[in-house]
Each structure stands twice: as C-alpha cells, then as structure tokens.
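The values are calculated or read from the model by the stated rules, or taken from the named source; none is laboratory data. Predicted model only: the values in this text are computed from it and were never measured. When we count neighbours, we look across all protein chains shown, and the Cβ atoms used for this are built from the backbone with ideal geometry, even at glycine.
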Amino acid sequence: MSSLLTQLGQKVKAKLDNKLNTSGGLISGTLSVSQSIQFGSYQASSLPTNGTSGRVIYVTDGDGNGGPCMAVDDGTDWKIIELGSTVAAVTHLLAENGDSLTTELGDILMIEPV
C-alpha cells in the first residue's frame, strides 16, 4: 500500500510542478496555504524593477529607519507595508470535559455524538 501512495504522491507532485514553477505563473481559484510563505528578500537599494502590480516582497531595510518591511508593487512604485508589533505568544490549552473538548476560555470545540 505504501508504494501505491508513494506513486500517487509522485504523480501529484509532477502535476503540481508543471503548474507551479520558479518562473511564475497564475493560479486561479482559491489557494489555501497551511504553512508559512517565504517571500523574496531584498535590500532597499536593490529592489526589483517596479511595474507589475500585485507583487509582494520582503525588504530587509526599507521602513525608512533601516528596519524591515513588506512592500507591494502598485504598478508604478514599491509601497511600504509596515510591520506592526511583535506577535504575542499564545498558549492554547485544551481540556476534556466528559464528551466535549473545550479551550482554556471554556469554548466548546467538539462534542462526541451520543
């Protein structure tokens, strides 16, 4: 069974490789990403040529004070998307209460059917 799954995975990968490549392309429909996205990283002194609206990059020193920011190409210029405050660390604790699963705040996540 595992060799069948491996073959299936290889076929799916080959199909995706044909659709997505490093030279660009268009994805139509909804794209759902379940992990982080790595954006291209640039210095303010060596940004890609602008003029293709919708592209997003990470600029290591572009916020005006030498700090990092994101930037979006509006078709004419690279526009700064400022980074805000640091994301607070959150611990999600779950508890099992009888036949339900709840968060630390008491929100019910799941109830086992009877």
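Of note:
- Among the conditions (1) at pLDDT below 95; (2) under 21 Å from the mean Cα position of the chain (by Cα); (3) hydrophobic (A, V, I, L, M, F, W, C), the only one that L5 does not satisfy is (2).
- Annotation: of all residues in the range 32-85 being of a type in the set (D, E) and in a loop (DSSP other than H, G, I, E, B), the one that is surrounded by the most Cβ atoms within 10 Å (Cβ to Cβ) is D63.
- Subset of the range 20-30 (residues that are at pLDDT below 80 and loosely packed, with under 10 Cβ neighbours inside 10 Å): N21, T22, S23, G24, G25, L26, I27, S28
- Within the range 45-61, the set of residues being farther than 27 Å from L26 by Cβ and touching a Phe, Trp or Tyr at 6+ places or on another chain (Cβ under 8 Å) comprises T60 only.
- First in the range 5-24 and assigned to a helix (DSSP H, G or I), second anywhere and at pLDDT below 75, Cβ under 8 Å, 6 or more apart: K19/G25; K19/I27
- So A95, is it modelled with pLDDT under 95, of a type in the set (G, A, S) and surrounded by 10 or more Cβ atoms within 10 Å (Cβ to Cβ): yes
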